[in-house]
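The values are calculated or read from the model by the stated rules, or taken from the named source; none is laboratory data. Keep in mind that this is a model prediction, so the values were computed, not measured. Please note: Cβ atoms are built from the backbone with ideal geometry, for glycine as well, and neighbour counts cover all protein chains shown. Side chains are part of the model used for accessible areas, which takes the heavy atoms of the whole protein and leaves out ligands, DNA and RNA. Shrake-Rupley method; radii C 1.70, N 1.55, O 1.52, S 1.80 Å.
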Number of protein chains: 4
Amino acid sequence: MPEKPALRIGLIGTGFMGKAHVFGFATAQKVFDLPYRLELHTVADVTDESAARAAADFGFAKATADWRSMIDDPDIDVIDITAPNALHKEMALAAIAAGKHVYCEKPLAPQAADAEEMARAAAAKGVKTQVGFNYLCNPMLRLAREMIAAGELGEIRGYRGLHAEDYMADAGGTWSFRHDPAGGGALADIGSHALATAEFLLGPITAVMGDCITMIDSRRDGQGGTRSVKVDDVGRAFLRFANGAQGSIEGNWIATGRKMQHDFEVYGTKGALAFSQERFNELHFYSVADAPGRRGFRRIEASPDHPPYGRFCVAPGHQIGFNDLKAIEVEGYVRAIAGETAEPFGFAAGLRIQRLVETIQASSAARQWKAVPA
Amino acid sequence: MPEKPALRIGLIGTGFMGKAHVFGFATAQKVFDLPYRLELHTVADVTDESAARAAADFGFAKATADWRSMIDDPDIDVIDITAPNALHKEMALAAIAAGKHVYCEKPLAPQAADAEEMARAAAAKGVKTQVGFNYLCNPMLRLAREMIAAGELGEIRGYRGLHAEDYMADAGGTWSFRHDPAGGGALADIGSHALATAEFLLGPITAVMGDCITMIDSRRDGQGGTRSVKVDDVGRAFLRFANGAQGSIEGNWIATGRKMQHDFEVYGTKGALAFSQERFNELHFYSVADAPGRRGFRRIEASPDHPPYGRFCVAPGHQIGFNDLKAIEVEGYVRAIAGETAEPFGFAAGLRIQRLVETIQASSAARQWKAVPA
Amino acid sequence: MPEKPALRIGLIGTGFMGKAHVFGFATAQKVFDLPYRLELHTVADVTDESAARAAADFGFAKATADWRSMIDDPDIDVIDITAPNALHKEMALAAIAAGKHVYCEKPLAPQAADAEEMARAAAAKGVKTQVGFNYLCNPMLRLAREMIAAGELGEIRGYRGLHAEDYMADAGGTWSFRHDPAGGGALADIGSHALATAEFLLGPITAVMGDCITMIDSRRDGQGGTRSVKVDDVGRAFLRFANGAQGSIEGNWIATGRKMQHDFEVYGTKGALAFSQERFNELHFYSVADAPGRRGFRRIEASPDHPPYGRFCVAPGHQIGFNDLKAIEVEGYVRAIAGETAEPFGFAAGLRIQRLVETIQASSAARQWKAVPA
Amino acid sequence: MPEKPALRIGLIGTGFMGKAHVFGFATAQKVFDLPYRLELHTVADVTDESAARAAADFGFAKATADWRSMIDDPDIDVIDITAPNALHKEMALAAIAAGKHVYCEKPLAPQAADAEEMARAAAAKGVKTQVGFNYLCNPMLRLAREMIAAGELGEIRGYRGLHAEDYMADAGGTWSFRHDPAGGGALADIGSHALATAEFLLGPITAVMGDCITMIDSRRDGQGGTRSVKVDDVGRAFLRFANGAQGSIEGNWIATGRKMQHDFEVYGTKGALAFSQERFNELHFYSVADAPGRRGFRRIEASPDHPPYGRFCVAPGHQIGFNDLKAIEVEGYVRAIAGETAEPFGFAAGLRIQRLVETIQASSAARQWKAVPA
């Protein structure tokens, strides 16, 4: 058996998401029969020390405090960006210019105009891209999409989506880049997941009416003073879909007690689905085809019947975890790089989400419905 | 022990709600120590036969096909209206003019202008009134309100409310009075419950942005043809509350699989509540006052600690049913008639709900935010 | 329409269960089209005062401190016994001797030998009897039994039953008649419900291995001292059923935090059921007949498809309460008195439960399996 | 930073558990800061081809069809046995004799006598051992144990444990080594997990009364005939614990619809815990210290407050998966090899479980309570 070709990865950023990507690479490599051998080539962080420590911790061969040196390195195939959002554009454009494939954490860029520039550059150069909307990688979401597409719910009429957490609920917390008016806010940060799931399941959203609210309007600046916050703590929208359905979503980062309320409900003429990321190895399905007196939402547990669950475990009900979602994300991207499949969620898709976010924000500001640009 | 004075009831209408009221009277009388003995005096229905049958079934002494005769009967104290919505106004105004107390099923009237006329008439005459928003009578909703009022959740920031069912989900169903443009629709019919609960818990809503959608635009007319439907199948709104909170509600009668999804979530600075009418003997409470590592939504089961549950059962966890909610509604109204308490949900409150509904409908039609008239 | 004949009731006892019976009579009369008009004739309690107060509260025409006077009263048709367990036998035998029908709260008698004497006397006299195992009256339990009988689960292989509460969990609580070695204990008090449900669903238990444990071996006597407790706080058993199934049950009154954990799970060759009285308007059903990848426990909500739910409410999902179970119990008994149906749970059935309890207790004491007497 | 020393692993077996171990090694290495670098040295399977394929898939440097050659290889530090149960003993003894550390999937050996020989050999030789009871590695189980140990539930009185699945529910399935009377059966195969959890949480079980039942007494032999099955499909036991508590467990592999019902409930004087592996990132906690009217089981979601969850994800509620449990198992074992900690679940612990299983089986056969050998 000939050795697989290497796919050499250069990672920028070593925080929550940098770590999650590394776990994703490691697991994907073990769980899937990938077309490449993933090689953790170089990791970049702010200082030489932090980069070296990350290299040791994560298993990268090299470390650098200069991410640009990775762009120039001909031995690196993929640039993986998990640096702060504001830096995504510069890094991605440089990588694309150098002909690298680019894997970028969400949001692709805080502004849709920037995201568009990035998506165009990638398309023009022909590199393969990926944006990290990992919740879509859940086998139960794939099942939901498949059931909807197969007509198991009949025609889809209604949708309710949510992504609520409480990591900004404490008004005593410190101002961070996420509070920056240039692109942060609950809608952009996590409402974007609710939007991604909505379109993943039902297809394009055509019009929105937004409602973005700042509930905590100043935060401590960490230096004894306070700093004004202009971004939304709650961002929600009414939705119209191209398929004729209507619905709503909400992004909320001050939902006290909620840690991962990425939920949806889909209502069709023949059935319904209900899902909560709080119990993400389950999908609840109601079918009017069941006999009268025997109908009810049935709790389908993730199993080898729901690919790629079976790659992780041959027995049903054992459950996959958050990091496994990232491994599935990696698999899809690597196959796209190999040309086996289309990009699962490339820069164009990432741009799409930014457009939705900005259209909702603009709608909220104008207090009017807005059509979503195609 | 002297005999209690009688409160003589004349009931108009013998359908779902007529029956529920009768059950409510019977149970209230047994469960509570009411200031009156409730006397089922006369029942009115469309024909002499149906009225007589209802009298026998329900235990009324007399029956009539002429509801006006009850208005004129000096031996009747309370007129209880469970007739079709379009008749509420005429019946109530007649009863009020005759000095009767009036208990009216929701909606008070399909149009707020009519509801206002009714509320004014009742106030002018000084009779006691009640509108049947029974879900508010749940001990767990009272608990929720009490917890919010006592500051157990801190300052309230956010609210999500729902009332979704599927009784209109079948597009093959027949046109009914509920599809009449004069006042029907999902928002008015059940979204009104979501609005009532929202204000019950958080106080006045000051502004709304509505979204009312007709998904099934014609229905069979029962005579081989079809009839156009103009009312909303889904009606939702963004909300602003006088207390500074923001939120949303939805009324939906085409939510396939949902039978009683009257749900809410309340998020405050110190805690949160989650409730579903699907399991209405429970209230879920999250408190940041719990120790780190030990926090979570706790499932509080209805018990004698939550009045008036203890009147129904001295042991916790045994659960009350839907008809018991109606008995609690009766209790509150009877005490108001006796002057013991204020009207729990009188015509003024019923009018308020109609105003909210119409403001949301008007906002939806105008595609603009609207202030809610005080 | 001719007036229905009266069924005149004499109630003994006015506590938790006395009250529940009165609620049951009132509701049954409204909800069902009973063959009789239920007349609350006389109530007996310990003193004239308490009896008079109960008569006023509950709506009985007469009151007495001498229950024997009710036995002698030819105007009373049914003697309803909710007095302390130790008195059941004397009262019931007297009532039977007088030709009265007898409705007796559970346990029929603390000792099976006494229960047998009562059952024989009732059979010999030909009066109709009823023992209050109200949980069996739940429409969802009837549904479960019907599904099992119809083979929807295939052949039944396994059963797990429970009835756990925590009303005796506080070791500082006072000694009461329930701690009396003559017949109390968790197994007898609530484990009996688990046994009743097991046989209701699967048919006769043929052999048991018991395990009855006293965890709190003395309790305060209310006079500054303590009193030894010999009864079980937890009583459980392995089971063999005549239909070939095996299983287990547990009765437990020191299960801290549990208020109504009357649960069961039934496993067959083709499906399974899971139920919890904590959410007793639901039954969870798994069917292997569902398509692969679409299987799961489905939450069936009580609806008019599940008689007699529809008598209480014409709409699904609205839910019945504990007192409604008692109303269903009353209905069944009244129909049996009228000769319309067999006794739903007469003294013979109550005796059966006592035999099961005693066989388990005897098995536990002997530390050996015991066959259950037929 | 000096390179970590290598820990060179030789894996025997490449099925469900072999794969899970490989995933565990990969993830543990990424997630934890282990004292060793784990090196996948050699994998052994039945044929050269299957071993070579596994080496390629799993990332082992070498492959062999002769597991004994790994024993003799001085470059291998740990022998990891995931071969069929009947081979565990021979392999482990050989590895121990060669001075290798041994990681063995459960059960340690089908017979306690064999397990004892293995445990003694390991102790005599001083090698470090581990048996794969991965469910114990769940942070929520560690939390439960910690809460119990800290007295948060008060004195523990009662326990209910389960491990039920349905992988043997189909009577048409083929006879396998798991049906071998020498050591298989539901109790040994998965009831053993319930026993491990019980002792993990409450400490030693001192006496048992067993009930082991064969429901499907013959299975197809795969050659057109049938083969008799003598092992239990359901094995349950009453329990007594050294700490004074009582309880029960059940192992069941014919529980139609159940995929991972590894559940427990613990009842103490001051609180209770409830857990289900079906939702294993949650622990439900009831505390009598909560205010009256505010008590309820609270759903604690796994978070960085519950080590080592935070190694996998810095944000709460994201959830770990089954393979992550295996990574935690690997971490514990590797630290034990490094001498940092005691063996988390070594051969002595594995032997203990076999003893419990055999004592329950013996009790069932004798139909008598049995003391558990210390």
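Quick check: anything in the stretch D:258-270 in contact (Cβ under 8 Å) with a residue 60 or more places away in the chain, under 30 Å from B:GLU146 (Cα atoms) and more than 13 Å from chain A (Cβ to nearest Cβ)?
Yes: the stretch D:258-270 contains one or more residues that are in contact (Cβ under 8 Å) with a residue 60 or more places away in the chain, under 30 Å from B:GLU146 (Cα atoms) and more than 13 Å from chain A (Cβ to nearest Cβ).
Exactly one of (1) touching a Gly at 6+ places or on another chain (Cβ under 7 Å); (2) away from chain B (no Cβ under 14 Å) is unmet by C:GLU358. Its number?
Going through the list (1) touching a Gly at 6+ places or on another chain (Cβ under 7 Å); (2) away from chain B (no Cβ under 14 Å), C:GLU358 breaks only (1).
One line per residue, one yes/no per condition, for (1) touching a Pro at 6+ places or on another chain (Cβ under 6 Å); (2) more than 30 Å from B:ARG295 (Cα to Cα); (3) surrounded by fewer than 24 Cβ atoms within 10 Å (Cβ to Cβ):
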position	(1), (2), (3)
B:GLY126	no, yes, yes
B:PRO139	no, no, no
B:GLY154	no, no, yes
B:LEU162	no, no, no
B:TYR167	no, yes, yes
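Among D:VAL31, D:VAL22, which is the only one that is touching a residue at least 40 places away in the same chain (Cβ under 8 Å), open to solvent by less than 40 Å² (accessible area, probe 1.4 Å), within 11 Å of chain A (Cβ to nearest Cβ) and β-branched (Val, Ile, Thr)?
Working: D:VAL22 fails: touching a residue at least 40 places away in the same chain (Cβ under 8 Å).
The match here is D:VAL31.
How many residues are under 19 Å from the mean Cα position of the chain (by Cα) and among the charged types (D, E, K, R) if we restrict to the stretch C:130-153?
Counting residues in the stretch C:130-153 that are under 19 Å from the mean Cα position of the chain (by Cα) and among the charged types (D, E, K, R) gives 2.
Within the stretch A:318-332, does at least one residue satisfy the condition of being more than 21 Å from A:LYS30 (Cβ to Cβ), over 20 Å from the mean Cα position of the chain (by Cα) and free of Cβ contacts under 8 Å to residues at least 60 places away in the same chain? Spell out the reasoning first.
Step one: of the stretch A:318-332, the residues more than 21 Å from A:LYS30 (Cβ to Cβ) are none.
No, that holds for no residue.
Among the residues of the stretch A:294-316, which ones are touching a residue at least 24 places away in the same chain (Cβ under 8 Å) and small (Gly, Ala, Ser)? Before the answer, list the steps.
Of the residues in the stretch A:294-316, the ones touching a residue at least 24 places away in the same chain (Cβ under 8 Å) are A:297, A:300, A:302, A:306-309, A:311-312.
Across the stretch A:294-316, the qualifying residue is only A:ALA302.
Which one is farthest from B:ARG295 (Cα to Cα) among residues in the stretch D:327-347 that are open to solvent by less than 10 Å² (accessible area, probe 1.4 Å) and more than 10 Å from chain A (Cβ to nearest Cβ)?
D:PHE347
Yes or no: A:ALA121 more than 25 Å from B:ALA164 (Cβ to Cβ), in contact with a helix residue (DSSP H, G or I) (Cβ under 6 Å, 6 or more places away or on another chain), modelled with pLDDT under 95 and away from chain B (no Cβ under 14 Å)? Steps first, answer last, please.
On the way: more than 25 Å from B:ALA164 (Cβ to Cβ): yes; in contact with a helix residue (DSSP H, G or I) (Cβ under 6 Å, 6 or more places away or on another chain): yes; modelled with pLDDT under 95: no; away from chain B (no Cβ under 14 Å): yes.
For A:ALA121, the condition - more than 25 Å from B:ALA164 (Cβ to Cβ), in contact with a helix residue (DSSP H, G or I) (Cβ under 6 Å, 6 or more places away or on another chain), modelled with pLDDT under 95 and away from chain B (no Cβ under 14 Å) - is not met.
Kindly state which strands (runs of 3 or more DSSP E) lie completely within the stretch C:226-278 and contain at least 1 residues that are open to solvent by less than 10 Å² (accessible area, probe 1.4 Å) and among the β-branched types (Val, Ile, Thr). Please lay out each step first, then the result.
Values: elements: C:226-228, C:234-241, C:246-252, C:261-268, C:271-276.
Strands (runs of 3 or more DSSP E) meeting the threshold: C:234-241, C:246-252, C:261-268.
What are the residues in the stretch D:288-326 that are crowded, with 21+ Cβ neighbours inside 10 Å, closer than 30 Å to B:ALA144 by Cα and more than 8 Å from every other protein chain (Cβ to nearest Cβ), if any?
D:ALA302
Restricting attention to the stretch A:150-162, and to residues there that are among the aliphatic types (A, V, I, L, M) and part of a loop (DSSP other than H, G, I, E, B), which single residue is farthest from the other protein chains (Cβ to nearest Cβ)? Spell out the reasoning first.
Step one: of the stretch A:150-162, the residues among the aliphatic types (A, V, I, L, M) are A:150, A:153, A:156, A:162.
Now restrict to residues that are part of a loop (DSSP other than H, G, I, E, B): A:150, A:153.
Working: A:ALA150: 11, A:LEU153: 8 Å.
Ranking the qualifying residues of the stretch A:150-162, first place goes to A:ALA150.
Among (1) closer than 23 Å to D:VAL208 by Cβ; (2) within 14 Å of chain B (Cβ to nearest Cβ); (3) among the aliphatic types (A, V, I, L, M), where does C:VAL208 come up short?
Answer for C:VAL208: the failing condition is (2).
Given the conditions (1) surrounded by 21 or more Cβ atoms within 10 Å (Cβ to Cβ); (2) more than 21 Å from B:GLU199 (Cα to Cα); (3) more than 14 Å from chain C (Cβ to nearest Cβ); (4) not hydroxyl-bearing (Ser, Thr, Tyr), and given that B:GLY222 satisfies all but one, which numbered condition is not satisfied?
Condition not satisfied by B:GLY222: (1).
Which of the numbered conditions does B:GLY203 fail, given that it passes all the others? Conditions: (1) more than 14 Å from chain C (Cβ to nearest Cβ); (2) at negative phi.
Every listed condition holds for B:GLY203 apart from (2).
What number of residues within the stretch C:126-135 are touching a residue at least 12 places away in the same chain (Cβ under 8 Å) and outside any strand (DSSP E or B)? It would help to see each step written out before you state the result.
First, the residues of the stretch C:126-135 that are touching a residue at least 12 places away in the same chain (Cβ under 8 Å): C:127-135.
From what's left, outside any strand (DSSP E or B): C:127-128, C:132-135.
Residues flagged as touching a residue at least 12 places away in the same chain (Cβ under 8 Å) and outside any strand (DSSP E or B) within the stretch C:126-135 amount to 6.
Scan the stretch B:163-183 for residues that are more than 13 Å from chain A (Cβ to nearest Cβ) and of a type in the set (D, E, K, R) and jot them down.
B:ARG178, B:ASP180
Results for (1) outside the structural domain of A:CYS212 (by TED's automatic domain parsing); (2) among the aliphatic types (A, V, I, L, M), shown as yes or no for each residue.
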| residue | (1), (2) |
| --- | --- |
| A:PRO308 | no, no |
| A:ARG311 | no, no |
| A:PHE322 | yes, no |
| A:GLY339 | yes, no |
| A:ALA349 | no, yes |
| A:ILE353 | no, yes |
| A:GLU358 | no, no |
| A:ALA366 | no, yes |
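Considering D:ALA97, D:ALA63, D:ALA56, D:ALA51, which residue is within 13 Å of chain A (Cβ to nearest Cβ), at pLDDT 95 or above and open to solvent by 30 Å² or more (accessible area, probe 1.4 Å)? Give the derivation first.
Working: D:ALA97 fails: within 13 Å of chain A (Cβ to nearest Cβ); D:ALA56 fails: at pLDDT 95 or above; D:ALA51 fails: open to solvent by 30 Å² or more (accessible area, probe 1.4 Å).
When all the criteria are applied, what remains is D:ALA63.
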